[in-house]
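Step one of this worksheet: look at the structure below.
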Amino acid sequence: MDGKVNGKNKNRITILMTSDIHGRFLPWDYSSNIEDISGSMSQISTVVSEIRGKNPNTILLDAGDIVQDNLADLFIDYAAHPAIIGLNYLNYTAWTLGNHEFDYGFEVLGRITNQFKGITLAGNVFTDEGYKYFNSHTIVEIAGIKIGIIGMTTPLVEEFKKGKDIFNGKVLRDPVAEAREVVDEIKDRVDILIGLMHMGIENENAVENTGVRDMAMTIPEFDIIFAGHTHKPEFEIVNGVPIAIPNKFGKSVIRADLILDFESGELLTEISNIDVEDYKQDEKFNELIMPFHRIASEYTNKLVGYIEGPSLVPKDEIKGVPQVQISETPLSNLIGEVMMHYGENPDVVAYQIDFDYPQFSNGSLRRSDISRVYNYPGGEISVYEISGCDLKDYMEFSAGYFNRLKTGDVNISFDVDRRTLKYNTNDFFYGVKYELDLREEYGNRIKKLSRLNGQTIKDDEILRIGMNSYRMNGLLSEEGVLHGRKVKKLFSTQDTDRYGEIEGRIKHLIETYIEVECGGHYKSHVEHNFRIVGIDEKLQFRNKTIELINKGIVHTIDANEEHGNNIKSINLYEEASEEEKHRIGSLVEISIDELDDCETKGEFYEKIYNYVE
């Protein structure tokens, strides 16, 4: 394929697009300090080289969030950042800035973008005086075809950074309105119009025009919109406009072949999502990045201290139901302690556990181990004043992460919509005592809430809460449970008079706490201040069912999506399906005829248990 299609009047342009690479330059996960070939810029380079070899009429685009995560922040002050070395080596034509590109402020971002040889886009970032801070578009000509590329970033980045001075003197405008203006300006000068947006398909936090669905509905002139931000591959046609999002962490590349008939003006679009896992690494690329790799590996391998006492991560009682998400653990208490200390002893702190199965065992603790137990790179501790009523409403929102228990349920399970969100919204609350009763409806699950001394928390009393500002901004958003409430921010650990942008992150504070406050030796423990109630532990056949689950014979119910496991409880009073009877009967080699008299799952599982035993 050389770009010519059926003669000289048709040309094939191939557009390759990536997004949300998040520091995966080499196939290496620095949180575990091990190779991870599921995706990387090195493998993407091989994909791009192969396609360019077949069609020289190929351009490469990126939709942002590349300079943050996986220790990429170690290099923000370097004369050459590995992300930009990669973008330049692969000869990217344009790069739309993602929300995390703004993490380090405009001075740092300016130094980084100045290193890029292509065009940096973020056309909805303006100065207070009304001047565009970045390019809104670029026009490239290839094989006689003029292509207009328009780039906008999520306007919520300003909301994400609320309380910091990053956007002082700047404002983010409506990306749909800005894109509409640019399209009207350039559409008569180009043959093809492309959107390159750091936005998901759907509106975010219920804010209008923060998703590219709204953009496609408003601007049908786009021939294709490439998007990102949501960290999962998607494809949809909206209002006649194809929308494509690649996978996160360099795991895939969107390929769009655009075939333009010069005579008729007809454009044929063929779109695919290329998984890069099976592609080899580009050794020349690796040579360029290797000095940074050595620095990052040495950094993440540093010994911080030692963990003594009960395991931070207890074994699951029920396979497929992560214990760290359903109970107080030494891990949840460690994070709570750290946040209490550096939050300057607020009344309560709130946080999530990033992983269902943190890969950590007690003993020596290295920096990489901390990333295995708390992974949110930008997470800081911001302290706010809220009311007791605000706290309860927030806690009830968090409790909505779980499904309501029914009589006969064996296990706790998770709400499928909450479970499949980009970020975990199952928060723990440290510094208070409470129970979460899953027999109750959403909004009425938090019971026995009190201070540690047993004093009841009243609705009208003022509390100080330490938490991540991203979560608070979500709670205060139009879709959030605290929308319209008056919340006063007191300080952040990232303030310059506290610990600063980098050292004020929770990951760094955990390290400092163990190394400095604990003298390198932390004694893990459980305080018994929180528990989930509602499971009938004396339910007939429950223990036998749990044994079958743990042996892999009975399965918890999955959504077959990332973070989508265990989205429905196993109920022993429900009818046993013929499909499950056949599957398990075949697995344990029992005749299906012997299972005909089993009406309920409880009866079925008991018979299987007795047969296996």
For this session: Please determine, in degrees from 0 to 90 and to the nearest 10, the orientation of helix 601-612 with respect to the longest principal axis defined by the Cα atoms of the chain, where the helix direction is its Cα long axis.
Result: 80 degrees
For this session: Using the structure shown, select from K581/K601; K146/K187; K422/K489 the pairs with a Cα to Cα distance greater than 20 angstrom.
Result: K422/K489
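By how many nm would the segment from K187 to D497 lengthen if fully extended, with 0.36 nm per residue of separation less the alpha-carbon distance?
Residue separation times 0.36 nm, minus the Cα-Cα distance, leaves 106.7 nm.
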Seminar exercise, completed: Which of (1) 1.04; (2) 1.00; (3) 0.97 is the computed Rg/Rh (Cα atoms, Kirkwood Rh)? It is (2)
Exercise. What Kirkwood radius, in Å to one decimal, follows from the Cα pairs of the stretch 214-287?
Worked result: 14.2 Å
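Of all alpha-carbon pairs in the stretch 445-589, indicate the percentage at a distance above 18 angstrom.
On the way: 8148 of 10440 pairs.
Roughly 78 percent, rounded to a whole number.
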Problem set entry | Tilt relative to the chain, helix 578-588 - C-alpha long axis, 0 to 90 degrees, to 10 | 80 degrees
Problem set entry | Calculated from backbone phi, Karplus (6.51, -1.76, 1.60) coupling profile of the stretch 137-154 in Hz, x at Gly/Pro | 7, 9, 10, 10, 10, 9, 6, x, 9, 9, 10, x, 10, 10, x, 9, 10, 4
Exercise. Which order, highest average first, do 192-202, 167-177 follow once you tally other Cβ atoms within 10 Å for each residue and take the mean per peptide?
Worked result: 192-202, 167-177
For this session: Report the net charge of residues surrounding F429, where surrounding means a beta-carbon distance below 14 angstrom and charges are Lys +1, Arg +1, Asp -1, Glu -1.
Result: 0
For this session: May I ask you to evaluate 6.51 cos²θ - 1.76 cosθ + 1.60, the Karplus curve with θ = phi - 60°, for each residue of the stretch 190-204 and list the ³J(HN,Hα) values in order in whole Hz, giving x for glycine and proline?
Result: 10, 8, 9, 10, 10, x, 10, 10, 8, 8, x, 6, 8, 4, 9
For this session: Extending each Cα 7 Å along its Cβ direction at N114 and K232, get the distance between those two points in nm, one decimal.
Result: 4.1 nm
For this session: May I ask you to work out the translational diffusion coefficient for the stretch 3-125 at 20 °C, viscosity 1.002 mPa s, via Stokes-Einstein with Rh from the Kirkwood sum over Cα pairs, reported in whole µm²/s?
Result: 139 µm²/s
Exercise. Which residues' amide hydrogens lie under 5 Å from the amide hydrogen of I274, considering only partners 5 or more residues apart or on another chain, with H built in the peptide plane?
Worked result: V253, I254, R255
Seminar exercise, completed: Subtracting the Cα-Cα distance of K448 and D174 from 0.36 nm times their residue separation yields 94.2 nm
Exercise. Dividing the Cα radius of gyration by the Kirkwood radius, what Rg/Rh value follows for the stretch 56-186?
Worked result: 0.97
For this session: Would you grab the residues whose amide H sits under 5 Å from the one on M199? Only those 5+ places off in sequence or on another chain, please, with H modelled 1.01 Å from N.
Result: G228
Seminar exercise, completed: Expressed to one decimal in nm², the mean projection of the alpha carbon convex hull of the stretch 10-295 is 14.4 nm²
For this session: Give the span of the stretch 542-612's Cα atoms along each principal axis, as three whole-Å numbers ordered largest to smallest.
Result: 37, 22, 21
Problem set entry | Euclidean distance of C-alpha centroids, the stretch 526-600 and the stretch 73-128, integer Å | 50 Å
Exercise. Whole-Hz Karplus ³J(HN,Hα) for the stretch 109-117, in order, using 6.51 cos²θ - 1.76 cosθ + 1.60 and θ = phi - 60°, x for Gly and Pro?
Worked result: 4, x, 5, 6, 5, 5, 7, 7, 7
Exercise. Roughly what angle does helix 41-54 make with the longest principal axis of the chain, taking Cα atoms, 0 to 90 degrees, to the nearest 10?
Worked result: 40 degrees
Problem set entry | Per-residue [θ]222 nm for the chain (sum of -39500 (n - 2.57) over DSSP H runs n ≥ 4, rounded to 500) | -7500 deg cm²/dmol
Seminar exercise, completed: Expressed in nanometres to one decimal, the distance between label points 7 Å along Cα→Cβ at T456 and E517 is 3.2 nm
Seminar exercise, completed: Full extension between S577 and A206 adds, at 0.36 nm per residue less the Cα distance, a length in nm of 129.6 nm
Problem set entry | Cα-Cα pairs of the stretch 302-533 separated by more than 27 Å (percent) | 32 percent
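Only the coordinates and a few stated rules stand behind these numbers; no lab work does. Just so it is clear, the model here is predicted, and its values are computed rather than measured. Please note: Cβ atoms are built from the backbone with ideal geometry, for glycine as well, and neighbour counts cover all protein chains shown.
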